[in-house]
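Q: Got a structure for you, questions after.
The values are calculated or read from the model by the stated rules, or taken from the named source; none is laboratory data. Because the structure is a prediction, the values reported are computed rather than measured. Cβ sites come from the backbone with ideal geometry, for glycine too, and all protein chains shown count toward neighbours.
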Amino acid sequence: MIARDLADASLDGVSSDRRFATAYNAALQAAKMAIACAGYRVAGAGHHRISFDVVQLAIGKTAGPYSDYFDRCRRKRNVIDYDDVFVATETEAKEIVAKAKEFIEIVEQWIAKNHPSMKA
């Protein structure tokens, strides 16, 4: 799912809003993957916000700047998915794709080091 979402978020011709929301989803899935490897599960109301808070506890301070960034993006993603159009700029879409790729790499490295039996 993460690889698919990153590929979709990188497609030319897709709106900035959709690329933004899709890259956000890839990062959310990576956070949930790290949390699951640490033995936890986030569910219910507010699970997006909580996932980006808790991922710092799972993988450490390396996740901090990404957690804060994706939490800010969460609010914009909500507007995109539920309320308005033409919300994300091209620059924001490119930035979140790049940040999602960086974050996913950090999560994958953490899993490989700390939970090698769970590496895909």
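Q: Give region 82-105 a look and list any residue that's in contact with a helix residue (DSSP H, G or I) (Cβ under 8 Å, 6 or more places away or on another chain), of a type in the set (A, V, I, L, M) and surrounded by fewer than 18 Cβ atoms within 10 Å (Cβ to Cβ), or say none.
A: Residue satisfying the conditions is Val85 alone.
Q: Can you pull out the residues in region 79-91 that are farther than 17 Å from Leu28 by Cα and in a helix (DSSP H, G or I)?
A: Here is the first cut: in region 79-91, the ones farther than 17 Å from Leu28 by Cα are 82-91.
Within region 79-91, Tyr82, Glu90, Thr91 qualify.
Q: Cβ-Cβ distance below 8 Å, separation of 6 or more or different chains: which pairs start in region 63-74 with a residue that is assigned to a helix (DSSP H, G or I) and end on one that is surrounded by fewer than 22 Cβ atoms within 10 Å (Cβ to Cβ) and at pLDDT below 95?
A: Qualifying pairs under 8 Å: Ala63/Gln56; Gly64/Gln56; Ser67/Asp53; Ser67/Gln56; Asp71/Arg49; Asp71/Asp53; Arg74/His48; Arg74/Arg49.
Q: Which condition from (1) touching a residue at least 40 places away in the same chain (Cβ under 8 Å); (2) under 29 Å from Ser117 (Cα atoms); (3) in contact with a Phe, Trp or Tyr (Cβ under 7 Å, 6 or more places away or on another chain) is the one that Cys37 breaks?
A: If we test Cys37 against (1) touching a residue at least 40 places away in the same chain (Cβ under 8 Å); (2) under 29 Å from Ser117 (Cα atoms); (3) in contact with a Phe, Trp or Tyr (Cβ under 7 Å, 6 or more places away or on another chain), just (3) comes out false.
Q: Which is over 18 Å from Leu11 (Cβ atoms) and not aromatic (Phe, Trp, Tyr), of Ile104, Ile111? I'd like the intermediate steps shown before the answer.
A: Numbers: Ile104 fails: over 18 Å from Leu11 (Cβ atoms).
The unique qualifying residue is Ile111.
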